[in-house]
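Heads up, the thing below is written out as structure tokens.
Please treat every number below as a calculation from the coordinates, not as lab data. As the structure is a prediction and not an experimental result, all values here were calculated from the model. Here Cβ is always computed from backbone atoms with ideal geometry, including for glycine, and neighbour counts include all displayed protein chains.
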Amino acid sequence: MNSQLRREYLDALGLKTWTLRTAHGTADAPSLVMASRATSAAPAPSAPASALAAAVPAPARDVSAMREAGLDWDELRARVAACTRCSLSATRTQTVFGVGNPHADWLIVGEAPGAEEDRRGEPFVGRAGQLLNSMLHAIGLAREQVYIANVLKCRPPGNRDPNLTEAAECLPYLERQIALLKPKIMLAVGRIAAQNLLRTDKTLGALRQQVHRFGLSDVPLVVTYHPAYLLRTPTEKRKAWDDLKFARDVASRV
Ligand code: URA
């Protein structure tokens, strides 16, 4: 993508605002408050990964990670669609498997489907998804070039945070997706995704601007803010932009 086109994407979506704003300089800031699990006002008990690690003994985790071993994309998709491993199967409209290029270098991982994703069966299709697309465009990536998935395949009611059981039951699906995809880099968007993937309860601020490694596959993993959080807190877009450039540099060296 040439720089003029990228600039147009940045401008069209207010991403000139990747430059720091003052607290009052947000006239063009989106006023919609997304249903953001990443920044929920009344956080429900979530699944910080250290708690996840404590709750699910290591051998059990290893066994559960193997449950999907050997499945190809179609088999995995069918297994996810039929999943009843946690109570979210009772409240979902449909599972949200993931979308994108099965040969992508980049895997973007969010938290869980929201209402729009649950309705349409595709991750990041709401307003946060539009900003995610713009963030990707800003570093020269089209949505169709990457693969996008979530820690959870089903929507938690009311967009509450995933709980320990849900995350533990669902992560093996993402692990199999990663094994099939073999991405060069993973970008975890938001605290919940980062904490679950890295099995830590560190803050997002403490996790960004570093190269982590995901699981046995050892894929480089970079953390940034959730686009729904950025819609609510546009002054943080500068830091997200720094993270994206950081991730792009990491990917260019793999
Ligand atoms: N937020 C997420 O984390 N994932 C989605 O798919 C949509 C919103």
Please determine, by comparing only the residues of segment 116-131 that are of a type in the set (Asp, Glu) and part of a helix (DSSP H, G or I), which one is farthest from Gly98 (Cα to Cα). Glu116
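For Arg199, indicate whether it is surrounded by fewer than 24 Cβ atoms within 10 Å (Cβ to Cβ), away from the ligand (no atom under 13 Å from the Cβ) and more than 11 Å from the chain's Cα centre (by Cα). If you could, list the steps in order and put the result at the bottom.
On the way: surrounded by fewer than 24 Cβ atoms within 10 Å (Cβ to Cβ): yes; away from the ligand (no atom under 13 Å from the Cβ): yes; more than 11 Å from the chain's Cα centre (by Cα): yes.
In short, yes.
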Check whether at least one residue in segment 171-187 is of a type in the set (Lys, Arg) and within 24 Å of Arg232 (Cα to Cα), and report yes or no. no
Hits in segment 132-181 (condition: assigned to a loop (DSSP other than H, G, I, E, B), touching a residue at least 60 places away in the same chain (Cβ under 8 Å) and within 13 Å of the ligand (Cβ to nearest atom)): Leu152, Lys153, Cys154, Arg155, Pro156, Arg160, Asp161, Pro162
Determine the pairs where a residue that is free of Cβ contacts under 8 Å to residues at least 24 places away in the same chain and near the ligand (Cβ under 8 Å from one of its atoms), located within segment 110-131, has a partner that is of a type outside the set (A, V, I, L, M) and not in a loop (DSSP other than H, G, I, E, B) with Cβ atoms under 9 Å apart, the partner being 6 or more residues away or on another chain. Glu116/Arg127; Glu116/Gly129; Val125/Glu116; Val125/Glu117; Val125/Arg119
Could you list all residues from segment 89-142 that are of a type in the set (Ser, Thr, Tyr) and touching a Phe, Trp or Tyr at 6+ places or on another chain (Cβ under 8 Å)? Ser134
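I need the full set of residues from segment 205-228 which are over 9 Å from the mean Cα position of the chain (by Cα), closer than 22 Å to Leu131 by Cα and either in a loop (DSSP other than H, G, I, E, B) or within 13 Å of the ligand (Cβ to nearest atom) (or both), in order please.
Passing the criteria: Arg208, Gln209, Thr224, Tyr225, Pro227, Ala228.
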